[in-house]
Amino acid sequence: MRSSLKTRFAKAAALAALAAALAAPGLARADVKLGVGAPITGPDAAFGAQIRNGAEQAVADINAKGGILGQKVRIEVGDDGADPKQGVSVANKFVGEQVAFVVGHFNSGVTMPASEVYAESGVLQITPGSTNPKITERGVATIFRTCGRDDQQGEVAAKFLAGRPGEKIAILHDKTTYGKGLADETKKSLNALGIREVLYEGLNKSEKDFSALVSKIKESGATIVYWGGVHTEGGLLLRQMRDQGVKAAMMGGDGIASDEFAAIAGPGVEGTFMTFPPDPRQRPEAAEVVKAFKAKNYNPETYTLYSYAAVEVLKQAAEAAHSFEADKMAAVMHSGKTFETVIGPLSFDKKGDVTRADYVVFEWRKGPDGRVSYYQM
């Protein structure tokens, strides 16, 4: 990947100015900028809110303690709308604003092209939610993630389904980088276990009427539908399955990890399964942060704390490197160093993946308060 001379010059000038400010005691120090790229609007806005809220709370807590390397952190938010082209525009905007690092994006299909812009421009990136394996398989030294990978959760899903003898499995996806990637990884793991699906189909994210697809599910005799996609289409598909008398259970990945899934799917959501790491809200390291969120009447579910943790990692990496330069921070992160975060200790391998893979299975059911949500099995 080759960056333009203009981009290189701008980046070099920004780093030189930053170095001069750090080296001269008594001079005013400019804020260091953190870009937060996420779907703030659109169908995946629930996840965008989680990423934004997590990053903003982390920055507020860090600034209250003096910032990073003596500088306050200022957030620049970019709305990618879950669209790859818009994500690239956000990435170019961040580069033009001379952000030092980025937390984002959420959708794997957005992270892939945006990450090329960041890599070319020397901007460190941590995604809290993009799980497609290819993201860290391209040899890009400055991209990391605090979440796991689809091949990891696909394997967990396949083992769970294989442990339910007699199930007839339909595999559906939304044709996105994330959704199809997750469905294919699960299919691959199932097939390796000697289990063949009775149906494999894709749908378009823009569709609202899934009647024809529901008819295919019914004709296939499927007893469980594995869904590769997010909560919006997944919830709508499940509602229409129930409306047409299809009683097959559903299982999905981390893309349905939002209470909005239950609101969209309706009463038929009970009995749905999902892969996700153990609830980060229950970790002792997260207790104070969770308390702060609840004081704001906000439930820090799923990716909120993964985003908060990404900012914590950036702070510790910059301080260990004594620099905001992407290559120096990346070298620290690739070194095997353990970072203490609200989702527990994290370290990264040479690809930029976290070294722990802790996906488990959740079930959607009524809790003690009568509200339907996801609970670890």
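Nothing in this text is a laboratory measurement; each read-out follows from the coordinates by a stated rule. Computed from a predicted structure; not experimentally measured. Note that each Cβ is placed from the backbone with ideal geometry, even for glycine, and that neighbours are counted across all protein chains shown.
Its convex hull of Cα atoms gives segment 171-264 a direction-averaged projected area, equal to a quarter of the hull surface, of 5.5 nm². With both bridge residues required to lie in the chain, what share of the DSSP beta bridges run antiparallel, to the nearest 5%? Close to 25 percent. Computed from backbone phi, the HN-Hα couplings of segment 77-94 come to 9, x, 8, 8, x, 6, 10, x, 5, 5, x, 5, 4, 4, 4, 5, 5, 4 Hz, rounded to whole numbers (Karplus: 6.51 cos²θ - 1.76 cosθ + 1.60, θ = phi - 60°; Gly and Pro given as x). Counted by Cβ distance under 13 Å from PHE348, the other residues give a net charge of +4, where Lys and Arg count +1 and Asp and Glu count -1.
The charge dipole of segment 135-273, taken about the Cα centre with unit charges on the Cβ atoms of Lys, Arg (+1) and Asp, Glu (-1), comes to about 260 debye, rounded to the nearest 20.
Computed about the Cα centre, the dipole magnitude for the chain is approximately 300 debye when only Lys and Arg (+1) and Asp and Glu (-1) carry charge, each at its Cβ.
Neighbours of ALA91, meaning other residues whose beta-carbon lies under 12 angstrom from its beta-carbon, give a summed charge of -3 when Lys and Arg score +1 and Asp and Glu score -1.
Once the piece of chain linking ILE195 and LEU69 is laid out straight, how much longer is it, given 0.36 nm per residue of separation minus the C-alpha distance between them? Contour length minus the Cα-Cα distance gives 40.0 nm. Which of rounded, prolate, oblate describes segment 256-298, given a ≥ b ≥ c as roots of the alpha-carbon gyration tensor eigenvalues and a/c under 1.5 marking rounded, otherwise prolate only if a/b is larger than b/c? Cα axes put segment 256-298 in the oblate bin. Here's how it looks for LEU203: its modeled amide H is under 5 Å from those of HIS173, ASP174, LYS175, which are all 5 or more places away or on a different chain.
A straight chain from LYS350 to ALA30 at 0.36 nm per residue would run longer than the Cα-Cα distance by 112.0 nm. Calculated translational diffusion coefficient of segment 159-215 (10 °C, 1.306 mPa s; Stokes-Einstein with Kirkwood radius over alpha-carbon pairs) equals 129 µm²/s. Kirkwood analysis of the Cα pair distances in segment 238-377 returns a hydrodynamic radius of 17.2 Å.
Which order do MET377, MET329 fall in if you start with the one that has the fewest other Cβ atoms within 10 Å?
The most exposed by this proxy come first: MET377, MET329.
Compared with the dominant Cα axis of the chain, that is its longest principal axis, helix 177-192 is turned about 60°. Out of ALA357, ALA64, ALA100, any idea which swings most in a Gaussian network model of the chain, alpha carbons joined below 10 Å? With Cα springs under 10 Å in the chain, the top fluctuation among ALA357, ALA64, ALA100 is at ALA64. In the chain, the calculated helix contribution to ellipticity at 222 nm averages -13500 deg cm²/dmol per residue, counting -39,500 (n - 2.57) for every DSSP H run with n ≥ 4.
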